[in-house]
Each structure stands twice: as structure tokens, then as C-alpha cells.
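So the structure is just underneath, and the comments pick up after that.
The numbers here are math on the coordinates, done by the rules we state, and not lab data. Here the structure is a predicted model, which is why all the values come from computation and not from measurement. Don't worry about glycine lacking a Cβ; one is built from the backbone with ideal geometry, like all the others, and counts go over all protein chains shown.
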Amino acid sequence: MNNVAIELRGITKCFGSVVANSNVNLKVYKGEILSLLGENGSGKTTLMNMISGIYHPDQGHILVNGKEVVINSPHDAFEYKIGMIHQHFKLVDLFSAAENVVLGLDGEGRFKLDEIEKQVLEISNKYGFNIDPKKKIYDMSVSEKQTVEIIKVLYRGADILILDEPTAVLTPQETQKLFDILRRMRADGKAIIIITHKLHEVLELSDKVAVLRRGEYIGTVNTAEATEESLTEMMVGKKVELNINRPEPVNPTERLRVMNIDCKNRDGVKLLDNVSFSVNAGEILGIAGIAGSGQRELLEAIAGLQKLDSGSIIYNNPKTGAEEELRDKSPLQIRELGVRLSFVPEDRLGMGLVGNMGVVDNMMLRSYRRGKSIFLERKGPTELANRIIQELEVVTPSAETPVRRLSGGNVQKVLLGREISSSPTLLMAAYPVRGLDINSSYLIYDLLNEQKKKGVAVIFVGEDLDVLIDLCDKILVIGGGCVSDVIDARSTTKNEIGYLMTNTKKGRRASDE
């Protein structure tokens, strides 16, 4: 009996002169969880997109259950019982869970909501999901939305599931619940492929690990025989030190004081509710919270991008010693005060960079206002672009290549490198390692620590609680726009942070229970 669910033979995919995948051979077995690892730009997503029908290979063969198939579209993939759950959910907010599950399906059955809701509950009970089929998407948490995406592919009969960064926005408790569900699916004979950069999760969950490097297949190893160090060496091709060396703060002084700030959206819903905290120079303040808890609005308020209804933001200017009120000032006015707030947004191409511009032109976005003639000066930005490409190991054909053609991780390196190069006194980094491979992530952690040593006040919004605990000096936990607590990173635990992330009662600690 053939136990191979899907097999890739000699898969090659090129985009112009760029080879994304070269002669990749890979097998995934039924009743197995396979983790797919690789540095940014190594071809992981491209390879999975060929299995799920988004791309078509230039060369090679795909076999499902031992038979060669041609997958030209996601519809074809579903015909072969292949389903992919993307990191960015593809749901209609105004529809219920059940309506989203059948969205796009043919046949009269899609109009029988009662029957659909019953089937959704059957799937939920079988694998241990907790979902209300009638609940609207806009009322759901991130983990509930992810549940709908998984049920959607299971409803379509998927036996081969691909999950892209499935734990990126989950709390530790939600992550463990997802792992329990995936284990039940494995026991049911499903073949599961997970793309992730979190090595500790790879070692905890998967049966085997396949590694890609620069588009080429390096090999598959049994997880029980692997370590974080051995997997990193396979990905990078050399030994990498996996330690975050957190320096002790030297003479920390208050750089920023946020007092009782509030803001609402257009519908009058509070996005930030009486938020207060302070940030010291020479320290890293981490911010932890479930996605959509107010992290973005908080950083935008400090950067002058979010209008506040009340409260105050005081910046202690290290050059003049004066206290500057930042509230209600535009980003340009804040810069004219001599305040350098370097903001790395969540949406890199939407807010941080211009996709059609090259690396050099994106460097110039920070300096074009200082021009003294009608001609733009390109020497400085070109030198900066080349320095960032070299120091941060940005994979790009040239400094003039449009950044939209770079992988997500390389886009992130360009953005963070530009922000740090501006010599900020307060650096705000929102998810700076989201989607980065392990080697690049540790490079970013080192850069943030270098800023800390220079006396910069660093605010770091992250998803990996292990990193927040190892990198930061203090952690502000936010939930529902409220500060749950500010805790010492050196003495806290993941469970305590996870509890505070889902408990919005101010000041309540896990130890109080």
C-alpha cells in the first residue's frame, strides 16, 4: 500500500532570471506532520504555491497518492484534496463562519445553512475545534478566524493540508490548542505541511523536517534526531550562534512618558483606553498582545499618525533637556522638533516602503525634503542602500531592483536598516522579524541591542514570547486597548504573559489566581 500522500520530483520554478526552486524532490506521508524550513527567499512559499495551484512548475512532476497530476489552479488542488491555509486569512467579515466555509462552492447545498452549520459542528467535534457556525467573522478572535480557515479546507475534503506560519498571531495557550488539533488530524491520516520559522515549535510538533536553501532541497531529517542548532546549520550552511545576549541597561533615564491616552475609531469604538507607561533610554520595552489589541494604534499615536481624544505624550529631548508634548503634532512637526521616531510598521509595503521603487529610491524617501536644488542627490542614499544590502545580507539582484520583487523577509531588512540608519533617539519596531528566517532574526536582535547600547529607547512589538522574554528589559502587555500590566522580562514566564494577553483587567496578574 502506497503511504505517500504527495511527492515532488525535480520541481523547478523560475521568475525571469531568478531561480526560485531548482530540482526539488520531496515526499510527504499520510499521518505525518512535516515542517518546511529555509531562509527568506529560499523558495518555501513558491514550492507550496505550486502544490496549492497558485503557480505551475516549469519542470518536474507532482504525484498525489502515487499518481501524477497537473495542478493549474486552487480548484484543481481541491480536486486532489489539497488545501492551503494562508497566514493572511481570506474571509468575508460580514458573513458567518458557516457562510465563509461554503463561499465559492457550487451546488444547491451551499444555500442550506442549517445543514452546513450541522456539518461544521461535526468537523469541530471530530478534531476538537471550538467554533460557533453562526458567529460573524468580525466578532471573532484571530484564533477563531484561523479555525474557520482550517474547517473550510476540511469541509472541502482536504487530506493534504498546508499551513503558512499558523502560530504567528496566537497566544501560547492558543498555540497548544492548535497543536492538539493538528495531532488529531495526523492520527486521522491527514498529511500536514507547516511553514514556520519557530524552531522550538518545529521540534515539539513535527515528525520530519525538510530544509530548502537558496531554492534547492537540502534534505529531510527526523525531528527526534534534530536540534535547533543542527536545523539552523542546514538552513544557512554554516554554524550560527542562537543566543540573544541581553546587555544590562546603563544609566537608564526616562525618554518617553505616555499618560492616560485614549482614541476611538470612526464608529466610536475605543482603540486605546487610558493607556499609560514610560520608556527609558538604553532599555528595550517589549509590547505583547493578541493581534488587534491596540499595538499598532499605540505606536502610530506616538509617531503622530493617530489622532488622540485625550491624554498626553511627553518626550524628553536629550539634546535640549526640555520636555516636548507630542500629542496633536504631525509627523513632520515632530521631526522638526528634533525628535526622531523611527517607525517600522506592520504593513511593510503599505506604509513603510514604495513597492515599485528600488532600494536606493526608498532610502531617499527619508531625505528628499533636505534637498537644496531641483535635482535629487543620489550618492548618499546609494551608499546607504549598498551598506544595508551588505550588512543585512539582503538578497536582491541590485540596489535598483523594485522592492516588491524581493521576498518579505528581505523587504523587512531594507525597511529596518533604513530606520536604524537615521540615528533615532526612540526606535519603534513593530514585528521587525515577522516572516524572517532564524539567521536574519538574530541579526535584527543584535541590531536592536546595539541601539540599546547607544542609549536609544527601543519599543519592540513582537509575536514570539520566548524572544520578548530573552530580548527585552520590560514587557508591556496590552489587551483590548488597555494595559494589562508592565512586567520584568527577566522574571516572567510565557504562561503569565499569555494569561495577561487575554485578561484586560488592569493590574491583574496570573499569580493572583
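A few remarks follow.
- Close Lys pairs in the stretch 144-269 (alpha-carbon distance under 29 Å; sequence gap of 8 or more, or different chains): 19.
- If a spin label sat at a point 7 angstrom from the Cα of Phe15 along the line to its beta carbon, the backbone N atoms of the stretch 387-406 nearer than 15 Å would be those of 395-398, 401-406.
- In Hz, Karplus ³J(HN,Hα) per residue of the stretch 218-223 (6.51, -1.76, 1.60; θ = phi - 60°; x = Gly, Pro): 8, x, 10, 10, 6, 4
- Inverting the pair-averaged 1/r between distinct Cα atoms of the stretch 4-236 gives 18.2 Å as its Kirkwood hydrodynamic radius.
- Angle in degrees between helix 113-127 and the longest Cα principal axis of the chain, rounded to the nearest 10: 90
- With Cα atoms defining each centre, the stretch 1-51 and the stretch 86-151 are spaced 29 Å apart in the structure.
- Amide hydrogen neighbours beyond the local backbone of Arg255, cut-off 5 Å, H modeled: Val279, Asn280, Ala281
- Helix 379-391 axis versus longest C-alpha principal axis of the chain: approximately 50°, rounded to the nearest ten.
- Here the calculated FRET efficiency for Glu216 and Leu242, from their Cβ-Cβ distance with R0 = 30 Å, stands at 0.85, rounded to the nearest 0.05.
- Percent RCO, i.e. relative contact order, over the chain, from Cα pairs under 8 Å lying at least 6 residues apart: 15
- Label selected from (i) 95, 57, 48; (ii) 93, 59, 44; (iii) 76, 52, 46, the criterion being Cα extents along the principal axes in Å as computed here: (iii)
- Every pair of different Cα atoms in the stretch 148-285 enters the Kirkwood calculation, which places the hydrodynamic radius at 19.3 Å.
- Dipole of the chain, positive end: most advanced residue of Gly60, Pro318, Phe129 [Cβ charges, Cα centre]: Pro318
- Length-normalised contact order for the stretch 4-236 - Cα pairs under 8 Å, 6+ apart - percent: 29
- Taking each residue as 0.36 nm, the span from Asp470 to Asn265 lengthens on full extension beyond its C-alpha to C-alpha distance by 70.4 nm.
- Candidate cross-link partners of Lys452 among the lysines, defined by an alpha-carbon separation under 21 Å and a same-chain spacing of 8 or more, comprise Lys319, Lys413, Lys474.
- Dipole of the chain computed with +1 at Lys/Arg Cβ and -1 at Asp/Glu Cβ about the Cα centre; of Leu103, Gly237, Ser206, farthest Cα towards the positive end is Gly237.
- Fully extended contour minus Cα-Cα distance, from Val70 to Asp93, at 0.36 nm per residue: 5.0 nm
- Global geometry of the stretch 121-200, whether rounded, prolate or oblate, following the gyration tensor of its Cα atoms and the 1.5 cut on a/c: oblate
- Amide H contacts for Glu216 (H built 1.01 Å from N in the peptide plane; partners 5 or more residues away or on another chain; cut-off under 5 Å): Ser22.
- Whole-Hz ³J(HN,Hα) from phi, Karplus 6.51 cos²θ - 1.76 cosθ + 1.60, for the stretch 158-165, glycine and proline x: 5, 10, 10, 10, 10, 10, 9, 6
- Residues Glu39, Glu144, sorted so that the one with the fewest Cβ neighbours within 10 Å comes first: Glu144, Glu39
- Helix-derived mean residue ellipticity, 222 nm - over the chain, DSSP H n ≥ 4, -39500 (n - 2.57), to 500: -9000 deg cm²/dmol
- Dipole magnitude of the stretch 4-236, debye to nearest 20 (Cβ charges: Lys/Arg +1, Asp/Glu -1, about Cα centre): 280
- Fewest-first sequence of His197, His88, His75 by Cβ atoms within 10 Å of each Cβ: His88, His75, His197
- Dipole of the chain, positive end: most advanced residue of Ile160, Cys472, Ile487 [Cβ charges, Cα centre]: Cys472
- The H on the amide N of Thr425, modeled in the peptide plane, is under 5 Å from the matching H of Arg340, each at least 5 residues off or on a different chain.
- Cα centroid separation, the stretch 200-247 to the stretch 401-450 (Å): 22
- Within the chain: Cβ-based charge dipole about Cα centre, in debye rounded to nearest 20 (Lys, Arg +1; Asp, Glu -1): 1000
- The phi torsions of the stretch 242-256, fed into the Karplus equation with coefficients 6.51, -1.76 and 1.60 and a -60° offset, translate into couplings of 9, 10, 9, 8, 7, x, 6, x, 10, 6, x, 10, 5, 9, 9 Hz, rounded to whole numbers, with Gly and Pro shown as x.
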